[in-house]
1. If the requirement is being within 15 Å of ligand 2 (Cβ to nearest atom) and open to solvent by less than 10 Å² (accessible area, probe 1.4 Å), which of these qualifies: 288, 305?
2. When only residues in the stretch 148-182 that are open to solvent by less than 10 Å² (accessible area, probe 1.4 Å), part of a helix (DSSP H, G or I) and under 28 Å from residue 367 (Cα atoms) count, which is nearest to ligand 1 (Cβ to nearest atom)?
3. Is it the case that some residue within the stretch 26-48 is surrounded by 15 or more Cβ atoms within 10 Å (Cβ to Cβ), assigned by TED's automatic domain parsing to the domain that holds residue 289 and part of a helix (DSSP H, G or I)?
4. Hey, can you tell me all the residues within the stretch 275-297 that are in a helix (DSSP H, G or I) and of a type in the set (Gly, Ala, Ser)?
5. For the stretch 360-378, what are the residues that are open to solvent by less than 30 Å² (accessible area, probe 1.4 Å) and out of contact with any Asp or Glu (no Cβ under 9 Å at 6 or more places or on another chain)?
Amino acid sequence: MSILITNIKQLVQVHTHNKTIRKGSDMNKLPVLENAYLYIIDDTIIEYGIMEDCEGIHAETIIDATGRIVLPSWCDSHTHIVYAGDRTSEFVDRINGLSYADISKKGGGILNSAKTLQETSEEDLFKQSLKRLNELIAMGTGAVEIKTGYGLTVEAELKMLKVIKRLKQESLATIIPTLLAAHAIPEDYKSKKQDYIKLIIEELIPKAAALNITHFVDVFCEDGYFDIKDTEAILEAGKKYNLQPKIHVNQFNILGGIELGVKHNALSVDHLEEINDKDIEALKDSNTMPVALPGCSYFISIPYTQARKIIDAGLPLAIASDYNPGTAPSGNMNFIVSAACVKLKMTPEEAINAATINGAYAMGISSMYGSITRGKKANIIITKPMDHYSEIPYAFAHNPIEQVIINGQLLK
Ligand code: NIG
Ligand code: FE
């Protein structure tokens, strides 16, 4: 199967030499080829260049992209799309004045979703999740991380992992699963948190590792959830099974989770709505990607991550949707790119780098995804007619996407 895309107005994020991360002032660089072509065979980018050099290339499918932008698909490195039901009533509670913490205290929040998921069959959970995944693909996401964390029992967490495995098998999207058993203290363990941590360490992690689905472990390191000591114990246990940390930190409070993540070679530290100079220092000279989740800030009205502080310190930054039923019930990465520009004061170039190459890095797949480079996987967005890639974030809440190619397959 071969595809040739011709007359591309702007071919965005083109790198002759494979890039795997963009940091600091380099985040403002977004290489573009005008009046270009892109040639794909099977699931791989074979060649690209300017239209004058396109002669003689034959393909089974030819797409005329006149007046359109072509760019690598979004790499959404932080989602919780496997969940059951929704939490619309909590949304209304928040409008009426309750905070996220108030709702959690009265048994809502993550525990609410866990109860619903435990009562939902694996088949039903799969169907609900697949629908969400297909919607994400249509909105330009080609690679997506999916967390567990709404099971909170051994059985339900493994059910979530099996659903993620099936999504991986049955969807064209690239899926990176993460074990987030330490997402909240289950109702039954309310006054015995250490017993739940013991269950995670002694039973859940070994059983999850035996399924051989995930290579990552996550913890919600936050007041009222898991403190630094708890988080460290879980990360240590994960390490024994080669699970690398990707952790929720600094959403509401600064507990030292960033330093801890760096110490344990976390691939990413995510949220960072709160961040201080010590956190920034900890991230310098590390291999850990900071990840901002502007959809969460928007939806539950908490501060936006200070992207300028992070990028201007020379650090990389990724952006992701955090798609989940409680704090971000949308996985539209076009909106996330726009919110990064409007609310995080990132340039369109920085935001697109954050949602492609750096998002891929935060999933450990940036050698194969996140840029237009020969040999990389063909996860491609073709936009509707527009003059410049900046129109993607500019026209917020519009759908800029006309077609997507996902691992070499054209979807209309
Ligand atoms: O990333 N903060 C922790 N986890 C999710 C929210 C989970 C929920 O409210 O259901 C997040 O925001
Ligand atoms: Fe999250």
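1. Exactly one residue qualifies, and that residue is 305.
2. In this case the residue turns out to be 160.
3. No, there is no match, as no residue in the stretch 26-48 is surrounded by 15 or more Cβ atoms within 10 Å (Cβ to Cβ), assigned by TED's automatic domain parsing to the domain that holds residue 289 and part of a helix (DSSP H, G or I).
4. 282, 295, 297 - these are the residues of the stretch 275-297 that are in a helix (DSSP H, G or I) and of a type in the set (Gly, Ala, Ser).
5. Within the stretch 360-378, 360, 365, 366, 369, 370, 371, 372, 373, 376 meet the criteria.
For (1) within 14 Å of ligand 2 (Cβ to nearest atom); (2) without any contact (Cβ under 8 Å) to a residue 12 or more places away in the chain; (3) of a type outside the set (Gly, Ala, Ser), each residue gets a yes or a no:
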| position | (1), (2), (3) |
| --- | --- |
| 318 | yes, no, no |
| 323 | yes, no, yes |
| 327 | yes, no, yes |
| 330 | yes, no, no |
| 336 | yes, no, yes |
| 343 | no, no, yes |
| 358 | no, no, yes |
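The values are calculated or read from the model by the stated rules, or taken from the named source; none is laboratory data. Quantities reported herein were computed from a predicted structural model and do not represent experimental measurements. Here the Cβ is made from the backbone with ideal geometry for all residues, glycine too, and neighbour counts use every protein chain on show. In case anyone asks, the SASA skips ligands and DNA or RNA and just uses the protein heavy atoms, side chains included. Shrake-Rupley method; radii C 1.70, N 1.55, O 1.52, S 1.80 Å.
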